[in-house]
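*Asks:* First, the structure itself, so that you have it in front of you.
The values are calculated or read from the model by the stated rules, or taken from the named source; none is laboratory data. Every value quoted in this text rests on a predicted model; they were computed, and no experiment measured them. Positions of Cβ are backbone-derived with ideal geometry, glycine not excepted, and every protein chain shown enters the neighbour counts.
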Amino acid sequence: MEIVEETIHRSWLVATQKRVSIDFTLDDARLEARCPLDNSQQCHRLVTRPQYCRCSLGQLGVLPLEILTKVLLALDLPTLTTSFRSVNSRAMNLVDNSLHQYRRVVKYCPDILRAIISINARSFDCTTLYKALSTEKCESCYQRFGAYLYLITCKRVCYFCLMSGVEYLPLSVAHVSGYTGLSGQELLEGENWKIPCIYSLPGRYGPYAAVSIHRKWLFDRQAVFDYAASSPTTPASMSGAREKEKENDGVGILHGQADDNANADTNTSFSGTTAREMRRYASIISAPFFDSTGQSADWGFYCHICDRDYDYDTSILPESHWKNKYAKEEFIDHLKKQHDITATIREAGTKVSR
């Protein structure tokens, strides 16, 4: 959607869907090269060679389509895409054509699917992902547009909550072992595998493009504390785990550096060390909002006026932060309330005027 300004300086675009600055996340992890999808190739084969659909699904083939669809939607996405879908062309055709949730993800935001497969995010299923993409607001504040998905637990989150909320700073294996008494191998086996986690990708992350050379397991912070509170293997010192976390949990865990700030996790400002921590950025990706019709995806808009007028010394309100994103209708309200600009939506686009 093109947004044109009428009475303000004509060369100043008031909104854009492109990022106003580069905070390196999974969006910048070369996902298309790491995880190419073959959906379009399979559709072509099925049209040109219908015999590809005659393969058997074994015992699953006797189930009614409605039940089989529910079973597939309950699978985590790496299992659905890399295990079941790759069994044969019949399974591939079933996933691609019978699961409208999966089809819309591939159509509108394939990089999210690529990221989930690449980091082995197994703690949620296709239904959970589609529900998150069909929710507009941040799941932490319920006020602002959730421009990102936190892929460890599939939560939609806005920029402000992502940077200020300690719950979106994942834990490394070393920290989780200290809190639960489990070794790294035990964490990834049996019932312990239920702790939501991802296997991070090498790359550059954060506002300063810090380099992570090796892949690391990253665990959801809240899930770790919930598990430790009920686990018999938890050390006696776990009663002070949160205080220990504040003292020891630091910047650069992805590549073994220590934190100079002893209270890193208590600092919830944008300038704090935890806001720049690579682990935050290694587990998030930009996400659109699916409308009720499922025929379009709203990626949200950045406000260039907030970017232009932002005062780094005095501006602390999330409503005026220049990295906030706004849904289409929400952006119109933002212009009126924050910048005294009246905007109207028309079929050809959105024009604004004083």
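*Asks:* For segment 80-125, please list each of the helices (runs of 4 or more DSSP H) lying entirely inside it that holds at least 3 residues being buried (at least 18 other Cβ atoms within 10 Å of the Cβ), modelled with pLDDT of 95 or more and among the hydrophobic types (A, V, I, L, M, F, W, C). Can you show your working first?
*Replies:* On the way: elements: 89-98, 100-108, 110-118.
So the answer is 110-118.
*Asks:* Of the conditions (1) assigned to a helix (DSSP H, G or I); (2) at pLDDT below 60; (3) not acidic (Asp, Glu), residue 11 clears all except one; give me its number.
*Replies:* Going through (1) assigned to a helix (DSSP H, G or I); (2) at pLDDT below 60; (3) not acidic (Asp, Glu) one by one, residue 11 breaks only (1).
*Asks:* Starting from segment 208-231, keep only residues that are at positive phi, then list their pairs with residues that are of a type in the set (Phe, Trp, Tyr) and crowded, with 19+ Cβ neighbours inside 10 Å whose Cβ atoms are within a distance under 7 Å, requiring at least 6 positions of separation or different chains.
*Replies:* 209/24
*Asks:* Could you say whether any residue in segment 161-175 is in contact with a Cys (Cβ under 7 Å, 6 or more places away or on another chain) and more than 25 Å from residue 78 (Cα to Cα)? Steps first, answer last, please.
*Replies:* Keep residues of segment 161-175 that are in contact with a Cys (Cβ under 7 Å, 6 or more places away or on another chain), which gives 161.
Right, trim to more than 25 Å from residue 78 (Cα to Cα) and you get 161.
Scanning segment 161-175, I find at least one residue that is in contact with a Cys (Cβ under 7 Å, 6 or more places away or on another chain) and more than 25 Å from residue 78 (Cα to Cα), so the answer is yes.
*Asks:* Give me the residue from segment 188-200 that is modelled with pLDDT of 80 or more and not hydroxyl-bearing (Ser, Thr, Tyr) and, out of that set, farthest from residue 222 (Cα to Cα).
*Replies:* Narrowing segment 188-200 to residues modelled with pLDDT of 80 or more: 195-200.
Remaining after also requiring not hydroxyl-bearing (Ser, Thr, Tyr): 195-198.
Details: 195: 10, 196: 10, 197: 11, 198: 14 Å.
Restricting to residues being modelled with pLDDT of 80 or more and not hydroxyl-bearing (Ser, Thr, Tyr), the top hit is 198.
*Asks:* Answer yes or no as to whether residue 258 is among the hydrophobic types (A, V, I, L, M, F, W, C), at pLDDT 85 or above and surrounded by fewer than 18 Cβ atoms within 10 Å (Cβ to Cβ). Give the steps one after another, and end with the answer.
*Replies:* Values: among the hydrophobic types (A, V, I, L, M, F, W, C): yes; at pLDDT 85 or above: no; surrounded by fewer than 18 Cβ atoms within 10 Å (Cβ to Cβ): yes.
It is false that residue 258 is among the hydrophobic types (A, V, I, L, M, F, W, C), at pLDDT 85 or above and surrounded by fewer than 18 Cβ atoms within 10 Å (Cβ to Cβ).
*Asks:* Six or more apart or on different chains, Cβ under 9 Å: which pairs go from a residue in segment 125-138 that's over 18 Å from residue 82 (Cα atoms) to one that's surrounded by fewer than 18 Cβ atoms within 10 Å (Cβ to Cβ) and of a type in the set (Gly, Ala, Ser)? Could you list them?
*Replies:* Correct list of pairs: 133/297; 134/292; 134/294.
*Asks:* Also, I was wondering about something else. Could you please give the count of residues in segment 216-240 that are crowded, with 17+ Cβ neighbours inside 10 Å and either closer than 20 Å to residue 283 by Cα or at pLDDT 80 or above (or both)?
*Replies:* 11
*Asks:* While we're on this one: Counting only residues that are of a type in the set (A, V, I, L, M) and in contact with a Phe, Trp or Tyr (Cβ under 8 Å, 6 or more places away or on another chain), which one in segment 78-112 is farthest from residue 288 (Cα to Cα)?
*Replies:* To start, the set of residues in segment 78-112 that are of a type in the set (A, V, I, L, M) comprises 80, 87, 91-92, 94-95, 99, 105-106, 112.
Cutting the leftovers down to in contact with a Phe, Trp or Tyr (Cβ under 8 Å, 6 or more places away or on another chain) gives us 80, 91, 95, 105.
On the way: 80: 22, 91: 28, 95: 22, 105: 10 Å.
The qualifying residue farthest from residue 288 (Cα to Cα) is 91.
*Asks:* Moving to a separate point now. Which condition number in (1) buried (at least 20 other Cβ atoms within 10 Å of the Cβ); (2) assigned to a strand (DSSP E or B) is the one that residue 161 fails?
*Replies:* (2)
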